[in-house]
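S.K.: Provided herewith is a single structure, encoded as structure tokens, for subsequent inquiry.
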Amino acid sequence: MRILGIDPGTGICGFGVIEISNDNRPKMLDNGVITTPAHTPLPERLEDIYNSMHEIIKLNKPDVVSIEKLFFTKNITTGISVAEARGICLLVAKQNGLPIFEYTPNEIKKTMTGYGNADKKQMQEMVKIRLGLKSVPKPDDAADALAAALTHLYVSKTLAKVTD
């Protein structure tokens, strides 16, 4: 199974692709970020995200998409534009016929570290450990996207055990 994890954002949208190897361990295949210039009009930024997501899916051929749900309390304006970028990611996944799974930041943190209020450093270290990497994936948004992908892997494995 190949999982595309997405950490949605307008300026920086993280992505990470993992696959389950023959020894049943997750392996990172790809990760990075889609960046859009800050002063570019939002419709153009969303178009860049749309085109880039299509390319990422075409190159990596994931079986499912795991995307972080939005949670914001302070800046509603930023939250709205991030929600629009998230919507673009959901649309592209749907257009490519991919099942979509959504997880809150707390669900991802709890799955990755056992603690729903883990900080970024703890999360990044767990991504590194669970994928057997020599260093933490950079930038943070790519590591967050890999955490979303790993969360789906662990949740789906747990559900499979429950239903067996």
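Bear in mind that the values in this text are calculations on the coordinates, not laboratory data. Keep in mind that what you see is a predicted model, and the values were worked out from it rather than measured. Cβ atoms come from the backbone with ideal geometry, glycine included; neighbour counts cover every protein chain shown.
S.K.: Magnitude of the Cβ-charge dipole of region 2-163, K/R +1 and D/E -1, about the Cα centre, nearest 20 debye?
M.R.: Values: 20 positive and 18 negative charges, 117 e Å.
Taking the Cα centre of region 2-163 as origin, the dipole is about 560 debye.
S.K.: Which one of L46, M1, A118 is farthest out on the positive end of the charge dipole of the chain, using unit charges on Cβ (Lys, Arg +1; Asp, Glu -1) and the Cα centre as origin?
M.R.: It is A118.
S.K.: Another question, if that's okay. Would you please state which residues of region 38-69 a label at K110 would reach in this model, taking the label point 7 Å out along Cα→Cβ and a backbone N cut-off of under 15 Å?
M.R.: Only 69 pass the distance filter.
S.K.: Moving to a separate point now. Find the centroid of the Cα atoms in region 79-102 and in region 25-73, then give the distance between the two in whole Å.
M.R.: Value for the Cα centre distance between the two parts: 9 Å.
S.K.: Hey, what's the Kirkwood Rh for region 2-163 if you take every pair of different alpha carbons, in angstrom?
M.R.: Values: mean 1/r = 0.0636 Å⁻¹.
Radius from the Kirkwood sum: 15.7 Å.
S.K.: Once you compute Rg and the Kirkwood Rh from C-alpha atoms, what is the Rg to Rh ratio for region 15-61?
M.R.: With Rg and the Kirkwood Rh in hand, the quotient comes to 1.16.
S.K.: Give me the percent of DSSP beta bridges within the chain that run antiparallel, rounded to the nearest 5.
M.R.: Details: 15 of 23 bridges.
That works out to approximately 65 percent antiparallel.
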